[in-house]
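The structure under discussion appears below in the form of structure tokens.
Rule-based calculations on the coordinates, nothing more; no lab input. This structure is a prediction, so every number in the text was calculated from the model and none was measured. All Cβ positions, even for glycine, are placed from backbone atoms using ideal geometry, and neighbour counts span all protein chains on display.
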Amino acid sequence: ARADYQPVEQKVVDNVYAIVGPLGQRSGNNDGLNANFGFIVTPKGVILIDSGASRLGAEKIAAAIARVTGQPVRWVVNTGSQDHRWLGNDYFAGKGAEVIAMHRTAATQAEYAAQHMEGLTRFLGKRMQGTKPLRAPKTLAGGSATLEQGSETLQLTYTNAHFPGDAGVWLPK
């Protein structure tokens, strides 16, 4: 991938889409988007699962969503505190999205924010411009939580996969 890397949306089923990131390390060539993201198109707006590694990465995810729907991203659900899961939050919040995560996820985001910004800036340099770490302002308590957004039901459950508070998202339907 080159620095003009563009994430590609793939339909999974019905109104559910995946953006499968490239394998390999975060780099200026992939804007740190070496992760998988998802989104659900609802009649009331888009639910985005994870927001990317930077403002630029978030803009590229938004462009992939815009190829599918004119609906705005109304909700961002963070599954973790790895940098590429949440450093795009500020971009989407600035567009009016509500950013949501499990309580421990948001706490770990806050704990690692400075370290993630420093580390990613080493990889991405100027491509990190405009990125501001915004931990998820809305948090969900308990070991698992059900979220009803835009006529969709999502269940979040802690996995603690990479960092404390990492969660999985399941659509029961």
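Some points to look at:
- Taking the chain and dividing mean pair separation by its residue count, relative contact order in percent (alpha carbons under 8 Å, at least six apart): 20 percent
- Spatially close Lys pairs in the chain, defined by Cα atoms under 18 Å apart and a spacing of eight or more places or different chains, total 9.
- Charged neighbours of Ala167, selected by a Cβ distance under 15 Å, balance to +2 (K, R count +1; D, E count -1).
- Cα gyration tensor shape of region 92-167, rounded if a/c is under 1.5, else prolate or oblate by comparing a/b with b/c: oblate
- Unit charges on C-beta of K, R, D, E only; dipole of the chain, Debye: 300 debye
- Size of the chain from its Cα atoms: along the principal axes, largest to smallest, the extents are 40, 34, 28 Å.
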